[in-house]
Amino acid sequence: MPSSPLSLTILPTIGAVTASQWDALVDNDQPFLRHAFLHALEASGSVSVATGWEPCHLSVWQGEQLVAAMPMYRKHHSYGEYVFDWGWAEALENAGGRYYPKALSAVPFTPVPGTRTLIARHVDASAVRTLLAEAWREQCASQALSSWHLLFANEKDVAAWQAQCPDLITREGVQFQWHDRGFGDFDGFLDSLTSKRRKMIKRERRLVADQGLKVARLEGNAITPAEMAHFYRCYAITYHERGRPPYLNHDFFERLRQSMPDALVLVQASIEGRPVAAALYFRGSRSLYGRYWGSEVVADCLHFEACYYQGIEYCLQQGLTLFDPGTQGEHKLVRGFAPQRVQSLHFIGHPGLAAGVAQFCHQEGEHVSAYREAAHEALPFKR
């Protein structure tokens, strides 16, 4: 009996499909693509028309079964993306065009590489991508969107889209990730480093303890509403210090605590039993992701302990082989986090801007590649 034809529907909210339908397509190492995470963003109001993120998720159906999906948003600015295209917007607007709104397939506020195209194993992936491409191109045309952007897709997803749509422009960047090289435990990790870096890390960890700070990890249902509220106060301080409000509100984090506790790891630093700093991690089946941090006190090396060393230690104890601590940072490099290529893809409707962006991305990519190679040579492992 022939299978039902594929059809595409645009979802105005992630709540238009059930968690079981959506999550059946999600790899268990990808907590940020889970229905609960995307729903918390929308239900909390962190992602909404009012904040410049208008959900218009693409869904592919075979009969009544959801067989593919891609998160998508109409964006009215470029905040919270971490692939910076403000210059592109300025160039188009200086030429009399309009860059916003645009279409964006990404996880809001989450620069974590992974697949962005969710496809059931039993369907024709090429046919699905054809439908998805027709949909985002049609959205660009009918909704007067200047462009479509696919951010932080993994290499397999990027390669498939490049084959499907050769007109897409590729942009490259660098992030730093820790990989377990068979260290065994934290001492084994230290033993793999040069003497200079091994002594540095030992000194930094000792300095945290010498300041009277005790660091503990809480997981899942052990994270109480009070502890999540304290974490949020710390997280908000990080933004207020930069003179801007946080992207995410307390309701978002409390929803995560209730709906996906299995994915949460909270590192909490205390002085004399009083919590003063916190870092929130997410775990998948193979990976750990460091995402948010803040502190009510100024303490030397506490950020390194809470955001890097606790994560490495946790991975080694739990058998997780990859630790992604977040964007930026040569300070990660000297602590054993290796440079990794990250990619984004871009469709730009204006031919002149598309040509200019393509040239820019090509030149930028050469510099990024050279930087990545140099950074790899600077890793602190013994030769």
Q | Extreme residue, farthest from the chain's Cα centre (by Cα), among residues of segment 144-159 that are surrounded by fewer than 18 Cβ atoms within 10 Å (Cβ to Cβ) and hydrophobic (A, V, I, L, M, F, W, C) | A | Ala144
Q. Is it true that Gly173 is surrounded by fewer than 13 Cβ atoms within 10 Å (Cβ to Cβ) and closer than 24 Å to Gln340 by Cβ?
A. no
Q. Looking at segment 346-382, which of its residues are outside any helix (DSSP H, G or I) and farther than 23 Å from Gly329 by Cα?
A. His346, Phe347, Ile348, Gly349, His350
Q) Somewhere in segment 281-292, is a residue aromatic (Phe, Trp, Tyr), surrounded by fewer than 20 Cβ atoms within 10 Å (Cβ to Cβ) and closer than 30 Å to Glu81 by Cβ? A) no
Q | Unique match (being without any contact (Cβ under 8 Å) to a residue 24 or more places away in the chain, over 22 Å from the mean Cα position of the chain (by Cα) and at negative phi) among Arg242, Arg274 | A | Arg274
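Yes/no matrix, rows are residues, columns are (1) at pLDDT below 95; (2) over 16 Å from Gly45 (Cβ atoms); (3) of a type in the set (Lys, Arg); (4) not in a helix (DSSP H, G or I):
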position	(1), (2), (3), (4)
Asn221	no, yes, no, no
His230	no, yes, no, no
Tyr235	no, yes, no, no
Arg244	yes, yes, yes, yes
Leu248	no, no, no, yes
Asp251	no, no, no, no
Arg255	no, no, yes, no
Gln258	no, yes, no, no
Q | segment 99-153, residues that are in a loop (DSSP other than H, G, I, E, B) and within 13 Å of Leu33 (Cβ to Cβ) | A | Ala106, Val107, Pro108, Thr110, Val112, Pro113, Thr115, Arg116, Thr117
Q: Identify the single condition in (1) hydroxyl-bearing (Ser, Thr, Tyr); (2) free of Cβ contacts under 8 Å to residues at least 12 places away in the same chain; (3) more than 29 Å from Arg34 (Cα to Cα) that Thr194 does not satisfy, given that it satisfies every other one.
A: (2)
Q. Filter segment 208-244 for residues that are in contact with a Leu (Cβ under 6 Å, 6 or more places away or on another chain) and over 15 Å from Val297 (Cβ atoms); which is surrounded by the most Cβ atoms within 10 Å (Cβ to Cβ)?
A. Ile223
Q) Here are some conditions: (1) among the hydroxyl-bearing types (Ser, Thr, Tyr); (2) part of a loop (DSSP other than H, G, I, E, B); (3) more than 21 Å from the chain's Cα centre (by Cα). Thr51 meets all but one. Which one does it not meet? A) (3)
(Q) Based on this model, can you work out whether His346 counts as buried (at least 19 other Cβ atoms within 10 Å of the Cβ) and closer than 30 Å to Ala91 by Cα? (A) yes
Q. Regarding Gln343, is this residue in a strand (DSSP E or B) and modelled with pLDDT of 95 or more?
A. yes
Q) Within segment 343-356, which residues are in contact (Cβ under 8 Å) with a residue 60 or more places away in the chain and out of contact with any Phe, Trp or Tyr (no Cβ under 6 Å at 6 or more places or on another chain)? A) Gln343, Ser344, His346, Ile348, Gly349, His350, Gly352, Leu353, Ala354, Gly356
Q | Residue match in segment 167-175 (condition: without any contact (Cβ under 8 Å) to a residue 40 or more places away in the chain and among the small types (Gly, Ala, Ser)) | A | no
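The values are calculated or read from the model by the stated rules, or taken from the named source; none is laboratory data. Computed from a predicted model, the values in this text were never measured in an experiment. When we count neighbours, we look across all protein chains shown, and the Cβ atoms used for this are built from the backbone with ideal geometry, even at glycine.
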